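Scroll down for the structure; my scribbles are underneath it.
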Amino acid sequence: MSYKCLWATRTWPHPNFFARQRELSKHTQRISEAGVFQGLSGSQLREVFFQSRRRTFSPDETVFSRGHCGDHLILIQSGLVKLIQRSRSGGAIILRIAGSGETIGAHGETPNSGSSCFACAMNPCETLMWSRQDFEMLERKYPVISANVCGELSRRLHDFEHRFAGYVNEKAKRRLAAGLLNLLKSPALSSTGANTVTLRRDELAQFSGVSVFTVSRTLSEWENSGLVNLDTHAITVPNIDRFAYKTGLAGGGDELLAKAASAALP
């Protein structure tokens, strides 16, 4: 048989094979960057991916409702999701804003916990989701995942304790300044190199534990003083050091909340 005939009869990969391989590589790379799945090998990451299902959410669409926080583990691949807690009077506070590479859901709740927290997409979101049963199976098979979960929850508890201490011990304007500085440190929320946070006024109020009126009034004052530049849904801080100094947070938001936490101790 001639070389030409051998070439013609050879079995070649399906035309979509390489595209599928690139897609698989992209997803496993994103999974490996999530704190929960760090330390897994390439083959283990592929297994984790094949256990997931993909889902997209539109802006303001519910990601999970009250009482269903623990049904799935959700890895955000792009976009932002806010976790909201409502009081008995109907007021809302944003507990956390999660972005690309972060996880929400099953690892923070026990089954049937009855959590009143719910989550909404802030903009178009692409996610990977694992059912609680599948995630628990992966934890049993790969104990490093359980260790990662403990570390992730410990970090979140530490962050929340600092924010809570600020709510109790600091005045509204300083809480707002500290919240804005902390948001600027979030890679998911701040524009790289631009010191800009993309957030509505009501969302900033819910995150900082102040009223929308206080947010609007204070941001106007800061804009007139040249501390911030305002756009429709964006807040830019041209000089973070100057902003921190002028608002009395020379060490940044974290230092303020750390002092507040110390003051709350007996």
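With the checklist (1) in a strand (DSSP E or B); (2) out of contact with any Ser or Thr (no Cβ under 7 Å at 6 or more places or on another chain) in hand, flag the one item Pro59 doesn't pass.
(1)
Does any residue of the stretch 230-237 turn out to be at pLDDT 85 or above, in a helix (DSSP H, G or I) and not aliphatic (A, V, I, L, M)?
So far as the stretch 230-237 goes, no, none of its residues is at pLDDT 85 or above, in a helix (DSSP H, G or I) and not aliphatic (A, V, I, L, M).
Restricting to the stretch 16-38, count the residues that are touching a Ser or Thr at 6+ places or on another chain (Cβ under 9 Å) and outside any helix (DSSP H, G or I).
Residues that pass the stated criteria total 2.
Take Val197 and decide whether it is touching a Ser or Thr at 6+ places or on another chain (Cβ under 6 Å) and either in a loop (DSSP other than H, G, I, E, B) or of a type outside the set (Phe, Trp, Tyr) (or both).
It is true that Val197 is touching a Ser or Thr at 6+ places or on another chain (Cβ under 6 Å) and either in a loop (DSSP other than H, G, I, E, B) or of a type outside the set (Phe, Trp, Tyr) (or both).
Restricting to the stretch 213-226, name every residue that is under 18 Å from Thr198 (Cβ atoms) and either touching a residue at least 40 places away in the same chain (Cβ under 8 Å) or crowded, with 18+ Cβ neighbours inside 10 Å (or both).
Val215, Leu219, Trp222
Please give the number of the condition Leu83 fails out of (1) more than 19 Å from Val36 (Cα to Cα); (2) assigned to a strand (DSSP E or B); (3) not basic (Lys, Arg).
For Leu83, the exception is condition (1).
State yes or no: is Phe50 at pLDDT 90 or above, more than 28 Å from Phe118 (Cβ to Cβ) and either of a type in the set (Phe, Trp, Tyr) or not assigned by TED's automatic domain parsing to the domain that holds Leu128 (or both)?
yes
Check the stretch 179-200 and report whether any residue there is at pLDDT 85 or above, over 30 Å from Phe37 (Cα atoms) and of a type outside the set (Lys, Arg).
Checking the stretch 179-200: not a single residue is at pLDDT 85 or above, over 30 Å from Phe37 (Cα atoms) and of a type outside the set (Lys, Arg).
Of all residues in the stretch 36-89, count the ones that are surrounded by fewer than 20 Cβ atoms within 10 Å (Cβ to Cβ), farther than 21 Å from Ala121 by Cα and under 18 Å from the mean Cα position of the chain (by Cα).
1
Mind checking which residues of the stretch 123-171 are under 19 Å from the mean Cα position of the chain (by Cα), among the acidic types (Asp, Glu) and assigned to a helix (DSSP H, G or I)?
Glu152, Asp159, Glu161
The values are calculated or read from the model by the stated rules, or taken from the named source; none is laboratory data. Source: prediction; values computed, not measured. Cβ sites come from the backbone with ideal geometry, for glycine too, and all protein chains shown count toward neighbours.
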